[in-house]
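Visitor: What follows is a structure written as structure tokens; I'll ask about it next.
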Amino acid sequence: MEEGPVAGTRYTLAELARLTGADLEGPGDALITGVAALETAGSSDVSFLANRRYRHQLADTHAAAVILSRGETGSGYDFTVLRADNPYLVFARMGWLLNPGPSPQPGIDPDASVSALADIDASATIAPRAVIEAGARVGPRCWIGPGAVVAAGVHMGTACRIDANASVLAGSQLGDRVEIMSGAVIGSAGFGFADAGDHWEAVPQLGRVLIGDDVSVGANTTVDRGSQGDTRISNGCKIDNLVQIAHNVQIGDHTVIAANAGISGSTRIGRYCRIAGGVGFAGHIDIADGSTFTGMSMITGSIHESGVYSSGVPLMPTREWRRSAVRFRQLDDMARRLDTLERIMTTTEDGDGR
Amino acid sequence: MEEGPVAGTRYTLAELARLTGADLEGPGDALITGVAALETAGSSDVSFLANRRYRHQLADTHAAAVILSRGETGSGYDFTVLRADNPYLVFARMGWLLNPGPSPQPGIDPDASVSALADIDASATIAPRAVIEAGARVGPRCWIGPGAVVAAGVHMGTACRIDANASVLAGSQLGDRVEIMSGAVIGSAGFGFADAGDHWEAVPQLGRVLIGDDVSVGANTTVDRGSQGDTRISNGCKIDNLVQIAHNVQIGDHTVIAANAGISGSTRIGRYCRIAGGVGFAGHIDIADGSTFTGMSMITGSIHESGVYSSGVPLMPTREWRRSAVRFRQLDDMARRLDTLERIMTTTEDGDGR
Amino acid sequence: MEEGPVAGTRYTLAELARLTGADLEGPGDALITGVAALETAGSSDVSFLANRRYRHQLADTHAAAVILSRGETGSGYDFTVLRADNPYLVFARMGWLLNPGPSPQPGIDPDASVSALADIDASATIAPRAVIEAGARVGPRCWIGPGAVVAAGVHMGTACRIDANASVLAGSQLGDRVEIMSGAVIGSAGFGFADAGDHWEAVPQLGRVLIGDDVSVGANTTVDRGSQGDTRISNGCKIDNLVQIAHNVQIGDHTVIAANAGISGSTRIGRYCRIAGGVGFAGHIDIADGSTFTGMSMITGSIHESGVYSSGVPLMPTREWRRSAVRFRQLDDMARRLDTLERIMTTTEDGDGR
């Protein structure tokens, strides 16, 4: 009921151009039913070119129209040109117009388990096997998927989606239009243990998770609640699958984090950062607004200046890699020997009277 | 009901040898009830030796029989020898003969939530709390575990297993004998956002996940659906736990991927690749058939030739590591100074008339 | 029902000091209602100083009392001093006294699905949508959360918590006071496949997962069951979110493992180890008791001596990093050229008669 295209959603090219602010360079009466990549687009599809790497595909595409940037100078194409400052963005918006998705039927499925003390807006949809505990508040047009758990005291705003088997726990607070994807866990206890000599004792995790508006949290991602303060994910953040966000982490507006990344406790990430897959952050550090980290970077200290950062070593055939890896162990020794040689050389040259 | 050995499954050694194609070198009438490692095997167990590292355990094992390779020359053992080209494979097959597992009772548990518009084969088993949405198709002898979600439009073939609390979403298509382990998410929305200047806008993710036959997907692994095209996992692939497979990724037949690995969007992995744990692939790259990557490798570009590849640096005591790590930052400088020294040395030697 | 503070839990400072063994240096009649960080504490909170980095916050805190170590010499504070050997531990214990959490109502929710052949202690709580299969045993004061699955033959002791949507499978055995957090999977099939030439064949995974007392397993972490033997997590281990523990792994008492780490099959980790986030272990290796590994370390061989170990390279601006990364490929060549230069230099110096 929830997924799949809705039959009959179609627009003329002219309508699409008008609704998305693209400039139509040619006839606008073609009926468009979908969006597609250049390679696979058919005669009723719109496509786009955002990456000049794929420019050669323009000659062969069967798309009815292609969204091109203002700087794209080619001509004589078989398709109609839609001109835009940001072709990919216009493409995305046309995609939503043509694929609005099904409108879930409001109401609580009889197979859901909803506490009488939960506050569910009449326009919300609660799928079978969802669990909503006492004191939870589910806003207008929210969708709570099958098997999802919304625990006691969780509040969410308008038009949130909690996907299948996701768990939103411990009084977490969600803004509007937040999506928590399948299997994600929001509000689990942070990893805090005090060293008691011969064993560890859990430190109570008393904070919450606060999530702003327009945040997306990927499948099987985990966000721990704060220990004393709160864990905070600000407006517009997009977080991919299998990301770990530890207790007390603060993430600024519109930061994006790709899959398999991990952020240790109490670290603060700025606004508009871009964090690639597999990146790891130490705890208790601060990351400047607008910082970018390439894949699998290891960040052990604060970053005070915006910029692009990397770590790691490049891939090599294993046989060659073994040799470099052994030498890495000797690097400090090599550096000292180099110093020595330079000193000797200078002395030698001096000694030679040059 | 689902797990644990079934009492009374036993074979004679001769029967086991015949059923798996092993050659029996000795008496075949011993009654065998299980398989076990050399160290722990008892007098009614079969064991195996695949790794010569464990050869010394042959002297002490209490196994009734041990599967040895044709090249294994030892003799005078207390156990009966089963000879095979591939001892581990024969061991696995004997393991299944002796541990067939329970046969789940076909039928839909009254505590399951199954849409009247789902197509469930009469020989399939639907466990309590499973959710099957409208338009889903569940083939013969499939098993849908407790809490598993099979969303609208998902099709699966024969003898698939969807384990506890797994989510199969968004019209995903599964072949025959596919196992999706607990907590795995198949068909979540890909991580696609267009840069709208001061915020990100989601790009509709319109594709599906297509999974071939005999594929295994590990616990809490995530496989995103395609954006325009489909994400594809081909026949015989084995994927471990906590792996991320992004939208539009294509994985060729019989490739194996160990835990914590991540494959970024639109990357194409060939057939018969072996990808160790924690490996990360950049997006939009191609990996040749038969490529092997050691643990935690970082792959940022296409691999055109099959081979064994690695990256990373070796473990060191932290105090020593700090020194090497600092020098890594100076590597380019060191290389230039080395060049200079060599040039000077050549000049010096020339100047000396040698 | 499950989360959130219970109104009315309060102690005098003197009571808290007595119950936790702290020494009160000042008046003890203040009524305390909570614990908080120095920065955010109010006039009815207790706070603590464990890290001298935050010492400057002592001057400004509004806490009623602060727990200080015996070596902390400052005086003249606005707050009452509580003196302790281990301020963080005392803080944790006061935190639990002041925030005992709700006491769940014993009993089986009518929306749970519990086999008539499961053995559930009368003091246990089974939440809505939980599934308990035949032969499972749930001990006194256990709490099984919404959507959690406790499969056939699973046994757990006293006061365990299985959080929302977690899956405990395949006859796993849990001691007392074990917490399995949301979405975690215990007892999934290990990743064992035999190479059958042109395809892979699954090796039956016949072992179990054995978990000791006082173990915590984080959200969406996966622990595979043994292949022939068992996977074992010993008493007092604390495991964070999104950790992979493969089949046959053995982890000694009181070892802690942070998020995104992965331990490959049959590896044995000692007691009292500390494993930071993102660390990866190869399979079939042994790690000495008391070993510490810093974040994202790659461990490819056994560690025979306790110590602190690291790997990886430091973060750099990407432009500089590219230069170092290229040179890493040339490291062996650089080392050989350095050798040559040293040899020549020695010869030259000798040739010069020095």
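Visitor: Cα convex hull of the stretch C:11-98: how many Å³ per residue?
Guide: 77
Visitor: Please find the FRET efficiency linking residue C:284 to residue C:53, where r is the Cβ-Cβ separation and R0 is fixed at 51 Å, and quote it to the nearest 0.05.
Guide: E(calc), rounded to 0.05, equals 0.80.
Visitor: Give the average, rounded to an integer, of partner chain Cβ atoms located within 10 angstrom of each Cβ in C:63-70.
Guide: Going residue by residue through C:63-70 and averaging, the value is 0.
Visitor: Any number yet on Rg/Rh for chain A, C-alpha, Kirkwood?
Guide: 1.12
Visitor: Give me the distance in nm between label points sitting 7 Å out from Cα along the Cα-to-Cβ direction at residue A:75 and residue B:29, one decimal.
Guide: The two pseudo-label positions are separated by 9.6 nm.
Visitor: Positive end of the charge dipole of chain C (Lys, Arg +1 and Asp, Glu -1 on Cβ, about the Cα centre): tell me which of C:155, C:335, C:174 has its Cα farthest that way.
Guide: Going by the Cα projections, it comes out as C:335.
Visitor: At a 10 angstrom cut-off on C-beta neighbours, averaged per residue, how do the peptides B:96-105, A:137-146 rank from highest to lowest?
Guide: Packing proxy ranking, top to bottom: A:137-146, B:96-105.
Visitor: Enumerate the amide H contacts of residue C:193 below 5 Å, restricted to partners 5 or more residues apart or on another chain; note that Pro and chain-start residues carry no placed amide H.
Guide: Hits under the 5 Å cutoff: C:203.
Visitor: Based on the Cβ-Cβ distance of residue A:336 and residue C:12, what FRET efficiency does E = 1/(1 + (r/R0)^6) give at R0 = 60 Å, to the nearest 0.05?
Guide: The pair residue A:336/residue C:12 has a calculated efficiency of 0.45.
Visitor: I've got another one for you. Cβ under 13 Å from residue C:292's Cβ, residue C:292 left aside: what net charge do those residues give with Lys, Arg +1 and Asp, Glu -1?
Guide: So the surrounding residues net to 0.
Visitor: If we sort A:234-243, A:178-187, B:70-79, C:32-41 on the protection proxy, mean other Cβ atoms within 10 Å, highest first, what's the order?
Guide: Order by mean packing, descending: A:178-187, A:234-243, C:32-41, B:70-79.
Visitor: Related question: Averaged over B:123-129, how many beta carbons belonging to a partner chain fall within 10 Å of each residue's beta carbon?
Guide: 4
Visitor: For label points placed 7 Å from Cα toward Cβ, what is the shortest-first list of nm distances from residue A:43 to its copies?
Guide: Label-point separations across copies, in nm and ascending: 8.1, 8.1.
Visitor: Rg (Å, one decimal) plus Dmax (Å, integer) for the alpha carbons of the protein assembly as shown?
Guide: 30.6, 99
Visitor: So the label point sits 7 Å from Cα along the Cα-to-Cβ vector; using that for residue B:74, what distances do you get to the other copies, in nanometres, sorted shortest first?
Guide: 6.6, 6.6
Visitor: Which net charge results for the neighbourhood of residue A:62, defined as the other residues with beta-carbon distances under 14 angstrom from its beta-carbon, given Lys and Arg at +1 and Asp and Glu at -1?
Guide: With Lys, Arg at +1 and Asp, Glu at -1, the neighbours total -4.
Visitor: Pairs of Cα atoms under 8 Å, at least six residues apart: use those to get the relative contact order of the stretch B:99-179, whole percent.
Guide: Here the relative contact order equals 22 percent.
Visitor: For peptide C:145-156, how many partner chain Cβ atoms fall within 10 Å of a residue's Cβ, on average?
Guide: 6
Visitor: Give me the one-decimal nm value for the distance between modelled label points at residue C:96 and residue B:305, 7 Å along each residue's Cα-to-Cβ direction.
Guide: 6.0
Visitor: Let me ask another. About its Cα centre, how strong a charge dipole does the protein assembly as shown have in debye, to the nearest 20, once Lys and Arg get +1 and Asp and Glu get -1 at the Cβ?
Guide: Taking the Cα centre of the protein assembly as shown as origin, the dipole is about 1180 debye.
Visitor: Here is a further query. Residues in the stretch A:25-45, backbone N under 12 Å from the label point at residue A:83 (7 Å along the Cα-to-beta-carbon vector): list them, ranges by number please.
Guide: A:25-26
Visitor: Rounded to the nearest 5, what is the percent of antiparallel bridges among the DSSP beta bridges in chain B?
Guide: For chain B, the DSSP antiparallel bridge percentage is about 10.
Visitor: Follow-up. Could you tell me what percent of the DSSP beta bridges with both partners in the stretch A:11-98 are antiparallel, to the nearest 5?
Guide: 35
Visitor: While we're looking at this one, here's another question. Interface size between chain A and chain C, please: total buried accessible area, 1.4 Å probe, rounded to the nearest 100 Å².
Guide: Summed over both sides, the interface buries about 6100 Å².
Visitor: Leaving out ligands and nucleic acids, note down the accessible area per residue over the stretch B:166-312 with a 1.4 angstrom probe, in whole Å².
Guide: Dividing the accessible area of the stretch B:166-312 by its residue count gives 26 Å².
Visitor: Let me ask another. State to the nearest 20 debye the size of the charge dipole of chain C about its Cα centre, where the only charges are +1 on K and R beta carbons and -1 on D and E beta carbons.
Guide: With only Lys, Arg, Asp and Glu charged at Cβ, the dipole is about 460 debye.
Visitor: Under 5 Å between amide hydrogens, which residues at least 5 positions from residue A:268 or on another chain qualify, with H placed 1.01 Å from N in the peptide plane?
Guide: Long-range HN contacts for residue A:268: A:250, A:285, A:286, A:287.
Visitor: Distances in nm, one decimal, shortest first, from residue C:10 to the same residue in every other copy, taking the label point 7 angstrom along Cα→Cβ.
Guide: 7.1, 7.1
Visitor: Could you tell me the relative contact order of chain A? Use alpha-carbon pairs under 8 Å, at least six residues apart, and round to a whole percent.
Guide: Relative contact order of chain A: 7 percent.
Visitor: Would you work out which of C:255, C:346, C:38 lies farthest towards the positive end of the dipole of chain C? Charges go on Cβ: Lys and Arg +1, Asp and Glu -1.
Guide: Checking the options against the dipole of chain C, the answer is C:346.
The values are calculated or read from the model by the stated rules, or taken from the named source; none is laboratory data. Note that this is a predicted model, so its numbers are computed, not measured. Counting neighbours? That spans all protein chains shown, and the Cβs are built from the backbone with ideal geometry, glycine included. Accessible surface is based on the protein model in full, side chains and every heavy atom, while ligands, DNA and RNA are left aside. Shrake-Rupley method; radii C 1.70, N 1.55, O 1.52, S 1.80 Å.
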